[in-house]
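The values are calculated or read from the model by the stated rules, or taken from the named source; none is laboratory data. Predicted, not measured: the structure shown is a model, and the values here were computed from it. Neighbour counts are summed over all protein chains in view; Cβ atoms, including those assigned to glycine, are modelled from backbone coordinates with ideal geometry.
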Amino acid sequence: MKWLWIKRILIAFVLLTSVLALSYFNYLSAADGYTPLTRLVNNRKQKEDYKNLFNNSNFKSITVVFEDEVFNDLVTSMEDYFALYGTYQDNTMHKVDMIYSDGLGNRFTIQEVGFRTKSNTSRNIPRLLDWRGRTVYYQTSFQLQFNATFDYDKQSNEYGVLNKREVFNLDQLNFEYSKTIDAQTDEAMISEAFSYYLYRQAGVVVSNASYGLVYFQIGQELIGFGFYSFIEPIDNNFLSKNFDSNVIGDYGDLYKCTDLTGLADLSVHYDGLIGINEYTTNNRFTYALKNHKQNGLRTDFSVLTNFIDDINDIDYFTRNSDSLLDVDAFIRALAMGFLVGNSDDYRYNYNNFYLYFEVYTNKVYYIPFDLDSSLGFGKHQDLTGNYGVNYNLIDMNEMAILVNRVFEIEEYRTFYYDYLNTFVTEYFDYEVFRTQFLEAQALYETILVSEDHLGNQVFSLRNARWYFESKSNTVLNQLALISS
């Protein structure tokens, strides 16, 4: 018993001296003008923070804190990029702090976070001078990168902490504002996040999404930047949550497919459209590899080109579709995409999707993203102006090659019709949308107006009831004709 007490006393002594030593080190570091390494560490419960971030019933605000010099550098960098390339698509990373606050009493600060603007059509320079020389702020889509290492040496402790740091159980977080398309603003505000919710209800692997308020603190000035959707990025972190790795923890190739330099139609005319984006030279690709880049030196993209060649061979695809593509997931995405009216996707605009190649088999999983043109709002190819509510369930004149290949197989058409019937009766519900809309309106509208935030401040259901009901009726009527 005596030795047990001596052991306990020794352990307590060691712990006490360790704490005192760390405190003394931090004191000396602060005296020397060096802030302790603990400033960079995030010890919060990641999964709980992830859950709170994507809880639509939880009020959330995120403040991005810029030093004056940093914000000036951001604006100057974008202006210089525009002067060179005629676009503001500058991805230079700038060092900021982030303050998160929510309605559950959570409030915390993360220091030294990477900030960059993002997107193609919704990327604006956030500050300009008007014709009278007055400062005007503009909403822009942006990304926070929690594992940005800036110019720290790879051997430094700072690099070691930042390179592995997560916040909200994420490496990054994307922010999209309710933008104006064809002179109209989506006053429903929650449409994109709700569309992601519908895809997830349909069993499609897509980003998680929610919304909240954003503030920019620039020096001592606090600007309400408005209502934003918070969207989970498609990256290696996302892959680790949703797909299996190989025995050493690696995942397959991931390609982001957009209409940046040509149509992402998956046709054999892909020469010059596949590569690794390099923003410093504005060298971008329609099919952009997002991982396994080999420091930007990789030139072998045969996993993708083989897939494209195979789906363009009708007979080969018909015989081998199950080994080439996760057909069930793709059909689920087509069915829900048709319901939400996502007209800026692969099917209708050859745009905005990822292709993930499973690590062992190279089977493709299709992941839609960028859902702001949905639920009766946004870009649309419907010349009647009715946002596709009267489209045929299947139009074999569609030019999206992979869609046609799937619909040429009767069994897959049947799956598609069955999923449409299930999704329209079980998930595609205006009252659910309205309930989430009213909840968001109650949480945010008063603050948006009283603090005079940028962007749209007043919520409106616009044409949402008409869209949900008209689309549902069209789908059910066409399904009834097919089955009769």
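Summary table below
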| item | result |
| --- | --- |
| Leu239 within 27 Å of Arg405 (Cα to Cα), touching a Leu at 6+ places or on another chain (Cβ under 9 Å), assigned to a loop (DSSP other than H, G, I, E, B) and not hydroxyl-bearing (Ser, Thr, Tyr) | no |
| Qualifying residue in segment 328-340 (condition: among the charged types (D, E, K, R), outside any helix (DSSP H, G or I) and more than 30 Å from Asn58 (Cα to Cα)) | no |
| Conditions (1) surrounded by fewer than 19 Cβ atoms within 10 Å (Cβ to Cβ); (2) among the small types (Gly, Ala, Ser); (3) in a loop (DSSP other than H, G, I, E, B); (4) under 22 Å from the mean Cα position of the chain (by Cα): number failed by Ser119 | (1) |
| Members of segment 375-416 found to be in a helix (DSSP H, G or I) and under 25 Å from the mean Cα position of the chain (by Cα), listed by number | Leu402, Val403 |
| Among the residues listed as Tyr444, Tyr412, Tyr467, Tyr419, the single one being closer than 30 Å to Phe225 by Cα and assigned by TED's automatic domain parsing to the domain that holds Asp315 | Tyr467 |
| Cross-chain or 6+ apart pairs with Cβ under 6 Å, segment 319-335 first and farther than 13 Å from Glu408 by Cβ and touching a residue at least 12 places away in the same chain (Cβ under 8 Å), then of a type in the set (Gly, Ala, Ser) and not in a helix (DSSP H, G or I) | Arg332/Ala202; Arg332/Gly203 |
| Of residues in segment 350-374 being of a type in the set (Phe, Trp, Tyr) and in a loop (DSSP other than H, G, I, E, B), the one modelled with the highest pLDDT | Phe369 |
| Filter result (hydrophobic (A, V, I, L, M, F, W, C) and in a strand (DSSP E or B)) within segment 242-288 | Leu254, Cys257, Ile274, Ala288 |
| Scope segment 431-469; condition surrounded by fewer than 15 Cβ atoms within 10 Å (Cβ to Cβ), of a type in the set (S, T, N, Q) and not in a helix (DSSP H, G or I); matching residues | Ser460 |
